[in-house]
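Here the structure is laid out as structure tokens; the discussion comes afterwards.
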Amino acid sequence: MSGFGSNWSGGKQLWWHLGTTVGDKMNVYIFVEKSGMYRMNMGITTAKDYGMFDLTLNGSKIASVDGYSTSVAYKTVDFGFVDLKAGYNKLQFTITGKNASATAYLVGLDCFKATKVDESDITLYEGEDEMLANATVSAGSLRAQTMTGFGSVWSEGSQLFWTVGAADNTLSTSITVSKTGNYSLAGGFTIAKDYGIIELYVNGVKVGTFDGYNTSVAHKISDFGTVTLSAGANTVEIKLIGKNTSATNYYVGIDYLRIVEK
């Protein structure tokens, strides 16, 4: 790619071509030595014959990308903060279509860059601790539940467990920060066959939706993007809006909320 500029690392790209079409998949793997939160981005090629694709990381979607541009160019796609496990992490590209002006479905990958976030920059609000301490609910009951019997991924080995039997109910709590600013927000949740669907609100603003259904008990991290927090207490509302058609109840399990100042 050196003929198109100096942005491409090593002057080359991984070129996925020769008959690519909608639905085709490509897997690549990145290796890190330590588990944790990373700031991650990707360098790709854009051109008139490049397509659109979705990208998942270890099974969770992190981006939808349009590779079209009127001429060959370099583009950086920022994923923000992601969680990587020690060892190999799977990234899967799935071609989803092409821009109306694009002539083909090609994909060009230059590189992934991942920088580990210093643990001191991360603030965790444990569900069974800080969040439970000042939580109220419109229905049902709250308690700390030990999760060590299901694995070691739950922070402090426990969760905030909200047992409630119907939708249209709300759990209200708060998180406190010392400095006004923009923060990356994510949450660690329990998923299981009897868990419901929630919406998360911060200071009255909806930041995301999470479906807690899974065929077995597991842990899942959900990224809620960037939120603005004010110095002092900030309201957090978890609104139970329904359940997956396969779910058997409306339970909610919160391991933690996690913020990193941007």
Across segment 135-149, in residue order, what do the Karplus-derived ³J(HN,Hα) couplings come to in whole Hz, using 6.51 cos²θ - 1.76 cosθ + 1.60 with θ = phi - 60° and x for Gly and Pro? 8, 10, 10, 7, 6, x, 9, 10, 7, 7, 10, 6, 10, 4, x
With label points set 7 Å from each Cα along the Cα-to-Cβ direction at residue 121 and residue 26, the distance between them in nm comes to 3.0
Could you tally the net charge around residue 111, taking each other residue with its Cβ under 15 Å from the Cβ of residue 111, Lys/Arg +1 and Asp/Glu -1? +2
Using the Cβ atoms and a cut-off under 14 Å, what net charge is assigned to the surroundings of residue 168, where Lys and Arg are +1 and Asp and Glu are -1? 0
Long-range amide H contacts for residue 79: which residues qualify at under 5 Å (H placed 1.01 Å from N, peptide plane, sequence gap of 5 or more or a different chain)? 40, 41, 42
Residue 2 to residue 217: extension gain in nm, 0.36 nm per residue of separation minus the Cα-Cα distance? 72.5 nm
Using θ = phi - 60° and the Karplus form 6.51 cos²θ - 1.76 cosθ + 1.60, what ³J(HN,Hα) does each residue of segment 74-86 get, whole Hz, x for Gly and Pro? 10, 9, 9, 9, 9, 9, x, 9, 10, 9, 10, 9, 4
Hey, which lysines would be in cross-link range of residue 262, C-alpha to C-alpha under 21 Å, not counting anything within fewer than 8 residues on its own chain? 113, 116, 179, 206
Dipole of segment 120-261 (Lys/Arg Cβ +1, Asp/Glu Cβ -1, origin at the Cα centre): which of 197, 225, 137 lies farthest to the positive side? 197
When only C-alpha pairs under 8 Å and at least 6 residues apart count, what is the relative contact order of segment 2-117, in percent? 42
Below 18 Å, Cα to Cα, which lysines can residue 48 reach? Residues fewer than 8 away in the same chain don't count. 75, 98
For the chain, what is the charge dipole size about the Cα centre, in debye to the nearest 20, if Lys and Arg each add +1 at the Cβ and Asp and Glu each add -1 at the Cβ? 680
Given 0.36 nm per residue, what is the gain on full extension from residue 72 to residue 99 after removing their alpha carbon distance, in nm? 8.2 nm
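Normalising by the residue count of the chain, find the relative contact order in percent from Cα pairs under 8 Å and 6+ residues apart.
19
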Local charge sum around residue 126 (other residues, Cβ-Cβ under 13 Å, Lys/Arg +1, Asp/Glu -1)? -4
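Only the coordinates and a few stated rules stand behind these numbers; no lab work does. Since the structure is predicted, the reported quantities are computational estimates derived from the model, not experimental observations. Heads up, the Cβs are rebuilt from the backbone with ideal geometry, glycines too, and the neighbour counts pull from every protein chain shown.
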